[in-house]
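Worksheet for the structure shown next.
The values are calculated or read from the model by the stated rules, or taken from the named source; none is laboratory data. Please read all numbers here as calculations on a predicted model, not as lab measurements. Neighbour counts run over all protein chains shown; Cβ positions are idealised from the backbone, glycine included. Each accessible area value is taken on the protein alone, full model and side chains, heavy atoms only, with ligands, DNA and RNA left out. Shrake-Rupley method; radii C 1.70, N 1.55, O 1.52, S 1.80 Å.
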Amino acid sequence: MPELPFPLPTVQQVIFSMVAALTVFGALVVVLAPNLFHSALGLVAAFFGVASVYIIAEAEFIGVSQVLIYVGAISTLITFAIMLTRGMMFGATSPRNRQWGTAAIITSLTFLVLVAIVSSVPWPAVGEPISQGHEIIAGLGRAFVNEYVIPFLLLAMLLLVALAGAIVLARDYK
Amino acid sequence: MNWSDALIQLQYDLGAPQELSWLVEGVTYFIGAFILANAALILALLLIWITRKVISRIQDRIGPNRVGPYGLFQTVADALKLLSKEDITPASADKISYLLAPVLSVVGVLMALAVIPFGPALIGADLNVAVLYLVALGSLGIMAALMAGWGSNNKYALLAGFRVVAQLLSYEIPMVLAMLAPVLLVGSMSMQRISEAQALYLGPINLGIGWLIFLLPGAFLIYLIAALAEAEQTPFDLLEAESELIAGFHIEYSGMKFAMFFLAQFLNSFFLGAIAVVLFLGGWQGPFAAQIPLLGPIYFLAKTFLVYVVIQWIKGTFPRVRIDQMMQFAWKVLVPLALALITAQMIIMKLPLPIWLNYLLLLAANLAVVVAVLNILGSYFEREQVRSKRAFAPRSLIGTMQPVQSSSGD
């Protein structure tokens with residue numbers, strides 16, 4: 001076998017590039033698709049890509065939760081909202097409005113800042129490999145009811161208040 | 001030894017170089033996935049045949065009996081017919097979602113195969129979040145229904161899509177809560193560990209009948225009812241209520257694309273049965289399964305086919321419910337009962353009692369749930385029966401020579 005001028009990518013790198021391409025493609029569809037429903041579908045693809053990144057990083061619980069919550073609940077909710085909004089279901093809607101130039105500048109600046117931060121922080125290369133059959137969820141659950149019980153309960157309370165508030169706002173006053 | 005380890009070892013023995021370990025592993029998993037996915041597609045033919053035979057026996061017919069022995073190849077002939085049909089795409093359909101939806105619905109169902117333990121060492125991937133993974137896969141089916149309903153550009157299909165999504169979302173909640181009961185008891189979400197925990201040791205001998213259904217009959221009942229709705233099987237099959245609603249979200253589909261939705265539906269009911277077997281009916285456990293590993297897959301498939309036949313039996317026996325009855329039953333009966341059951345189980349498991357007393361209390365709580373579900377259903381059916389009798393009683397008084405009473409308001 002002749003020497004290659006560059007090292008062969010590992011399997012993980014190949015899979016990661018495919019997943020990243022899917023995520024970026026989904027995100028671009030969200031922004032650029034002329035049809036709002038296609039944007040929602042692009043969002044689903046992007047969520048799947050992010051979930052796959054979590055799974056590549058051996059955080060299966062977060063990856064599966066990502067699919068469960070973002071694809072199963074939030075995307076369905078978004079799709080329902082789009083479908084029930086009259087006039088948006090069929091036909092093209094322009095994905096741009098007057099402020100698209102400003103938005104483009106701000107997002108590209110944010111991207112540059114993020115790139116600068118990500119490339120300057122010394123990330124720990126690879127931590128301890130997770131042993132076979134190690135239950136990440138058990139540790140997570142224990143942390144939720146011991147050290148982080150108050151933030152956890154506060155978050156739950158916040159969601160409950162948001163839920164009640166949404167019902168009050170949406171109620172039909174007669 | 002795991003099947004994948006055995007296959008990897010076989011490849012090295014055949015002369016695969018050690019440096020290409022990633023390729024060897026990839027080939028191994030590809031072989032596993034290929035066999036599983038194709039076996040599932042062939043299995044669907046068998047499942048449809050079973051459904052037809054069971055339903056026709058219930059209806060006092062013989063069922064398919066012309067093509068092949070016992071009519072076994074009837075489904076093959078039907079599949080060939082569907083393949084040769086014209087493949088129509090409506091002119092104003094949204095091409096992307098219209099064409100992607102059938103594929104997505106089948107993919108979402110087939111992915112469940114990855115975590116189902118067929119035997120002590122026969123499992124695609126022993127994820128430690130397997131139960132959650134199975135729940136997350138349901139969201140793919142929901143997206144497929146929405147995409148099909150919207151992409152067909154037909155208002156009936158869109159309405160049916162909404163209906164199906166409402167049904168799937170509502171019944172997912174009691175199903176997940178019922179699946180939580182064995183997870184709490186075993187303390188793991190891995191399907192393989194849940195199967196292993198259902199052994200029953202008599203001294204050193206594994207009897208293999210420590211099935212969780214004996215401890216958690218209430219959770220099993222809630223799971224079974226919710227799974228029927230998730231699989232869109234008959235008491236809850238508003239998806240394909242041909243006689244009342246025009247078909248459903250697949251109204252614009254024809255040929256093989258139409259068949260794919262049905263393929264997904266049959267496989268889904270089989271896999272939900274398989275999950276019930278793993279969580280409640282002991283998985284591959286059974287007498288002598290620990291001594292003779294070959295018995296594991298046999299026990300597993302036998303139990304799963306049994307659950308499938310029971311589902312078809314229910315399909316042949318029960319009338320279809322209305323959408324409002326279905327939603328009420330999910331939100332007012334199943335969800336509160338499942339929540340109460342899980343809360344009771346959590347409290348009971350933390351009580352400082354001897355373990356057998358804990359189990360006894362757990363069983364009592366579950367039996368209470370079973371009695372509650374049956375009571376509520378029974379009184380509801382009684383009320384409905386009285387109401388429908390009244391509704392169909394002759395109201396016209398022509399010929400009875402009685403003065404018409406105008407005050408009655410019904």
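For this structure, a couple of remarks:
- Cleavage-rule hits, GluC sites (Glu not before Pro), region B:191-275, DSSP coil, Cβ neighbours within 10 Å at most 11: B:E242, B:E244
- A simple charge model with +1 on the Cβ of Lys and Arg, -1 on the Cβ of Asp and Glu and nothing else charged puts the dipole of the protein assembly as shown at about 2020 debye relative to its Cα centre.
- Extent along principal axes [Cα atoms of region B:87-386; Å; largest to smallest]: 69, 49, 31
- Most mobile listed residue (B:L43, B:L20, B:L351) in chain B, GNM with C-alpha springs under 10 Å: B:L20
- Equivalent ellipsoid of region B:1-84: semi-axes from √(5λ) of the C-alpha gyration tensor, largest first, are 42, 13, 10 Å.
- Region B:262-312 - percent relative contact order, Cα under 8 Å, separation 6 or more: 39 percent
- Taking label points 7 Å from Cα along the Cα-to-Cβ direction, B:Q325 and B:L46 give a separation of 3.5 nm.
- Using a simple spin-label model with pseudo-atoms 7 Å out from Cα toward Cβ, B:R57 and A:L155 lie 5.1 nm apart.
- Between 0 and 90°, nearest 10: helix B:155-186 axis offset from chain B longest Cα axis: 50 degrees
- Per-residue mean of C-beta atoms belonging to partner chains within 10 Å, peptide B:138-148: 4
- Cα long-axis angle, helix B:295-317 against chain B (0 to 90 degrees, to the nearest 10): 10 degrees
- Nearest-ten-degree value, helix B:3-13 long axis tilted from longest Cα axis of chain B: 40 degrees
- A versus B: buried accessible surface, summed, Å² (probe 1.4 Å, to nearest 100): 2400 Å²
- GNM remark for chain B: springs join alpha carbons under 10 Å apart, and the peak mean-square fluctuation among B:L47, B:L374, B:L168 falls on B:L374.
- The stretch between A:Y173 and A:V145 holds 6.0 nm of extra length on full extension. This uses 0.36 nm per residue minus the Cα-Cα distance.
- Of the residues B:G273, B:Y171, B:L351, the one whose Cα sits farthest toward the positive end of the charge dipole of region B:87-386, with +1 on the Cβ of Lys and Arg and -1 on the Cβ of Asp and Glu, is B:L351.
- In this entry, region A:135-174 is assigned a mean projected area of 3.5 nm², taken as a quarter of its C-alpha convex hull surface.
- Maximal additional length on extending the B:L360-B:M256 stretch stands at 32.3 nm, based on 0.36 nm per residue less the C-alpha distance.
- Within chain B, helix-based [θ] at 222 nm, where runs of 4 or more DSSP H residues each add -39,500 (n - 2.57), nearest 500: -21500 deg cm²/dmol
- Pair B:I298, B:N38: separation of 7 Å Cα→Cβ label points (nm): 2.6 nm
- Evaluated at q = 0.05, 0.10 Å⁻¹, a Debye calculation over the C-alpha positions of the protein assembly as shown (equal weights, vacuum) places log10 I(q)/I(0) at -0.26, -1.06.
- The residues of region A:1-87 expose, per residue, 59 Å² of accessible area to a 1.4 Å probe.
- Considering only the Cα atoms of region B:90-220, their convex hull presents on average a projected area of 9.5 nm².
- If R0 is taken as 41 Å, the Cβ-Cβ distance between B:L99 and B:L353 corresponds to a FRET efficiency of 0.10.
- For chymotrypsin sites (Phe, Trp or Tyr not before Pro), the sites in region B:265-331 that DSSP calls loop and that have at most 13 other Cβ atoms within 10 Å are B:F288.
- Residues listed by number, region B:294-333, amide nitrogen under 13 Å from B:A6 label point at 7 Å toward C-beta: B:294-298
- Sorting B:199-212, A:140-153, A:45-58 by average packing, meaning the other beta carbons within 10 Å per residue, from highest down gives A:45-58, B:199-212, A:140-153.
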